[in-house]
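Single-structure report; data block below.
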Amino acid sequence: MFPIGERLRVQFRSEFYNAFNHTQFSTLNTTARFDAGRNQVNGQFGQYTAARNPRIVQLALKLHF
């Protein structure tokens, strides 16, 4: 908190989520599908299909009086 005058104070806050922006995979396709000839027909089997949110920065300024 930073005082401004006698009765005023200002508070600055920051929050960082995934600050280094590294990919965080969240969903892996584990569905194995086969046709009548026992051939794998799911082309995405074993691949990641989703990722979590990228870098998020949140800033706040609070005034106390």
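Using the heavy atoms of the protein chains and a 1.4 angstrom probe, tell me the accessible area per residue for the chain in square angstrom.
93
Quick one: with all protein chains in place, what share of the accessible area of the chain is carbon or sulfur, to the nearest percent (1.4 Å probe)?
53
Modelled label-to-label distance, residue 47 and residue 9, 7 Å Cα→beta-carbon offset: nm?
So the two model labels end up 5.5 nm from each other.
Counting just the Cα atoms, what span does the chain cover along each of its three principal axes? Round to the nearest Å and put the largest first.
Here the spans come out as 82, 20, 9 Å, largest first.
The values are calculated or read from the model by the stated rules, or taken from the named source; none is laboratory data. Model, not experiment: these values are computed from the prediction. Backbone-built Cβ (ideal geometry, glycine too); neighbour counts: all protein chains shown. For the accessible areas, the whole protein counts, side chains as well, though only heavy atoms, and no ligand, DNA or RNA atoms are used. Shrake-Rupley method; radii C 1.70, N 1.55, O 1.52, S 1.80 Å.
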